[in-house]
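Remarks on the structure that follows.
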Amino acid sequence: MNLPRFSDHKREFQLERLILFSDAVFAIAITLLVIELRVPEIEHPAKEITILQNLARMIPKFIGFLVSFFLVGLYWTVHHKLFGFVIDYTQRLLWLNLLFLLGIVLMPFTTSFYSEYIFEYLKTPVIFYACNICFIGIMNFVLWKYIQNPRLKLSDNLPKSLGNYYSFRALSVPVIFVVMVIAYLYFPRYAIFIPPFIPLFMWGVGKYFKRKLAKT
């Protein structure tokens, strides 16, 4: 359902509110990720070996934080790119964007849950984390497909090839995590090393695509 037709200035202001709200959600979520990285409590007098041992126990938390930080950062850049093309909005777009942000705000919890048990090879935390990422990816895909729809006239200067690329990219991360979960069921000691390479993989895909576009 389309919203009542406001003036162009009013609709531009409303669209800006949507973007600012989304940016705030991203900022809060990415900040909350670091809360689990608490300074170890060590009895005084502290010793170097004790500090290093406590830091070593925090390695899983650092891994979870870095993976999720760069994933949320990548999704923010994609969201920024997406709304760079949006010139209008509908009630459905508001709700689709809100559902997308639901996955983002869940990241601090699922990251903490996942990193807490990463080296204990338990299935439930991994599945929770993977489901969170898959949900974000799917909603990202839905958003791109929705604004691409020419009948809705929600975007401007969005080449079909670029929209298709970001749609494909949106689904690639969920596919990788599904593969990771399947691998985790049989080879958990190796599967846990897949997520740290995903941000690097996505960066490489983006660079390759940009070079390919530059040649056309």
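If you go through region 72-119 and keep only what is in contact with a helix residue (DSSP H, G or I) (Cβ under 6 Å, 6 or more places away or on another chain), among the aliphatic types (A, V, I, L, M) and without any contact (Cβ under 8 Å) to a residue 60 or more places away in the chain, you end up with 72, 96, 99, 106.
Since residue 60 meets every condition but one in (1) touching a helix residue (DSSP H, G or I) at 6+ places or on another chain (Cβ under 6 Å); (2) outside any helix (DSSP H, G or I); (3) not β-branched (Val, Ile, Thr), which condition does it not meet? The failed condition is (2). What about residue 40, is it open to solvent by less than 60 Å² (accessible area, probe 1.4 Å), within 30 Å of residue 194 (Cβ to Cβ) and modelled with pLDDT of 80 or more? Criteria not met by residue 40. Scanning region 40-57 for residues that are outside any helix (DSSP H, G or I), out of contact with any helix residue (DSSP H, G or I) (no Cβ under 8 Å at 6 or more places or on another chain) and under 22 Å from residue 115 (Cβ atoms) turns up just one, 41.
Looking for whichever is open to solvent by less than 20 Å² (accessible area, probe 1.4 Å) and over 21 Å from residue 14 (Cα atoms) here; the options are 118, 138. Which one fits?
118
Taking the criterion of being farther than 26 Å from residue 124 by Cβ and among the aromatic types (Phe, Trp, Tyr), the residues of region 179-211 that qualify are 203, 208, 209. No other residue among 50, 124, 90, 111 is at negative phi and within 18 Å of the chain's Cα centre (by Cα) apart from 111. Looking across region 163-216, the residues that are at pLDDT below 80, open to solvent by 100 Å² or more (accessible area, probe 1.4 Å) and of a type outside the set (Phe, Trp, Tyr) come down to 200, 210, 211, 212, 215, 216. Is it fair to say residue 28 is loosely packed, with under 14 Cβ neighbours inside 10 Å, over 26 Å from residue 162 (Cα atoms), out of contact with any Cys (no Cβ under 9 Å at 6 or more places or on another chain) and modelled with pLDDT under 90? Answer is no for this residue. For region 107-122, a residue qualifies if it is in contact with a Lys or Arg (Cβ under 8 Å, 6 or more places away or on another chain) and over 10 Å from residue 36 (Cβ atoms), and exactly one does: 121.
Check region 89-106 and report whether any residue there is assigned to a loop (DSSP other than H, G, I, E, B) and closer than 30 Å to residue 13 by Cα. First the steps, then the outcome.
First, the residues of region 89-106 that are assigned to a loop (DSSP other than H, G, I, E, B): 89-90.
Checking which are closer than 30 Å to residue 13 by Cα leaves us with 89-90.
Checked region 89-106: at least one residue is assigned to a loop (DSSP other than H, G, I, E, B) and closer than 30 Å to residue 13 by Cα.
The values are calculated or read from the model by the stated rules, or taken from the named source; none is laboratory data. Quantities reported herein were computed from a predicted structural model and do not represent experimental measurements. Glycine also receives a Cβ, built like all others from the backbone with ideal geometry; neighbour counts cover every protein chain displayed. Remember, those area values only see protein heavy atoms, side chains included, never the ligands or the DNA or RNA. Shrake-Rupley method; radii C 1.70, N 1.55, O 1.52, S 1.80 Å.
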